[in-house]
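Chemist: Pasting in a structure now, in structure tokens, and then I'll have a few things to ask.
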Amino acid sequence: MSVEKIFDAVLDFEEDDVVALVKKEITAGTDVAKILNEGLIGAMDEVGKQFSAGILFVPEMLMAAQAMKAGLDELKPHLAKGASATRGTVIIGTVKGDLHDIGKNLVAMIMEGAGFEVFDVGMDVDVEKFLSAAKEKNANIIAMSALLTTTMPAMEEVVKAIRAQGLSIKTLVGGAPVTPAFAQKIGADAYCEDAPAAVEAARSFVA
Ligand code: B12
């Protein structure tokens, strides 16, 4: 019932209410996946729909994102439970030209919780930054996020650079406009639609 309240509070941009409601649900023992998927992520999907329909605009989208992020921060320690020994090292970032980082942050959090060592290089990340971070940390995986159709091609540049330099680093791509067909076309090692799928793919890379 209150998960719906979280959904509504994100849509009302009520950051403090989102935090309070998330806390309340955690205390009540509600499944954290339900809080995340039906409350926080569900609300952002609705924001996206309303943005497409011209009901909401960029400032509102940003306010909703801030409210969602605040809820996510509250949830983070609970999502990261169950960490085990390091399974591999991941460099994660949002590609060049793209400033969307909520999904990327979520994937980073869940991967960390699943036992990977995760280095988040932020958003608007160019090829050089992805590669130098991967070399410095001796990473097995580069995970890239893109939320704009216009920034998706930047993923291919990273894949190409890895090949050109003969590095044995696996690539993982995701983000709302990214598809399995696109991932295959650019030669990425895997496409994943959400954070749990990213964990599974990453585990298969380092198994
Ligand atoms: C919040 C938001 C913003 C915020 C971003 C704040 C932030 N700090 O991230 C702000 C207001 C800044 C913003 C700006 C813009 N936005 Co915007 N935004 C959104 C919105 C509403 C939600 C995105 C989100 O956070 N979703 C919640 C997260 C949890 O979901 P997610 O990112 O998809 O991540 C999940 C999966 O995709 C996957 N995943 C994500 N990354 C990765 C990476 C890997 C490796 C893996 C395996 C998986 C994975 O796992 C995640 C968890 O399940 C979307 C609509 C939507 N529903 O997608 C539009 C949307 C992405 N934005 C859009 C647009 C057009 C813009 C602007 C161009 C608007 C403008 N005219 O200025 C600018 C671009 C700025 C830029 N250069 O990047 C369009 C993109 C259209 C397109 N296909 O190109 C969308 C789809 C809205 C729409 N319906 O038109 N935006």
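The values are calculated or read from the model by the stated rules, or taken from the named source; none is laboratory data. This structure is a prediction, so every number in the text was calculated from the model and none was measured. Glycine gets a Cβ as well: all are built from the backbone with ideal geometry, and neighbour counts include every protein chain shown. SASA here: full protein model, heavy atoms, side chains in, ligands and nucleic acids out. Shrake-Rupley method; radii C 1.70, N 1.55, O 1.52, S 1.80 Å.
Chemist: With a 1.4 Å probe and every protein chain left in place, tell me how much accessible area Arg87 has, in Å² to the nearest 10.
Modeler: For Arg87, the solvent-accessible surface is approximately 100 Å².
Chemist: Let me ask something additional. Would you check the accessible area of Thr150, probe 1.4 Å, heavy atoms only, in square angstrom rounded to 10?
Modeler: Rounded to the nearest 10, the figure is 110 Å².
Chemist: Same structure again: Roughly what would the spin-label model give for Gln50 and Arg203, points 7 Å off Cα along C-beta, in nm?
Modeler: 3.7 nm
Chemist: Using r as the Cβ-Cβ distance of Thr27 and Lys160, and R0 as 45 Å, what FRET efficiency do you calculate, to the nearest 0.05?
Modeler: On the way: r = 49 Å, r/R0 = 1.08.
Efficiency, from the Cβ-Cβ distance: 0.40.
Chemist: A 22 angstrom limit on the alpha carbon distance is what I want to check against. Which of Lys96/Lys185; Lys76/Lys96; Lys69/Lys185; Lys49/Lys96 exceed it?
Modeler: Lys76/Lys96; Lys69/Lys185; Lys49/Lys96
Chemist: Run the reach check for Lys135 against aspartates and glutamates, Cα to Cα strictly under 17 Å, same-chain hits fewer than 8 apart removed. What comes back?
Modeler: Glu117, Asp120, Asp126, Glu157
Chemist: What residues from region 5-46 fall in the zone where the backbone N is under 16 Å from a label point 7 Å along the Cα-to-C-beta line of Asp194?
Modeler: From region 5-46, the list is 7, 31-46.
Chemist: Moving to a separate point now. Can you tell me the FRET efficiency between Glu136 and Ala176 if r is taken as the Cβ-Cβ distance and R0 is 30 Å, rounded to the nearest 0.05?
Modeler: Working: r = 30 Å, r/R0 = 0.99.
It comes out at approximately 0.50.
Chemist: Tell me, what is the per residue accessible area of region 89-206 in Å², probe radius 1.4 Å?
Modeler: On the way: 5240 Å² over 118 residues.
Ligands and nucleic acids excluded, the result is 44 Å² per residue.
Chemist: Right, here's the next one. Normalising by the residue count of region 2-79, find the relative contact order in percent from Cα pairs under 8 Å and 6+ residues apart.
Modeler: Values: 87 pairs, mean separation 33.5, N = 78.
Rounded, it is 43 percent for region 2-79.
Chemist: At Lys129 and Lys76, where each label point lies 7 Å from the Cα along Cα→Cβ, what is the point-to-point distance in nanometres?
Modeler: Going from the Lys129 label point to the Lys76 one covers 1.9 nm.
Chemist: Rounded, prolate or oblate, given the Cα gyration tensor of region 89-206, with a/c below 1.5 counting as rounded?
Modeler: Rounded, because the longest to shortest axis ratio a/c is under 1.5.
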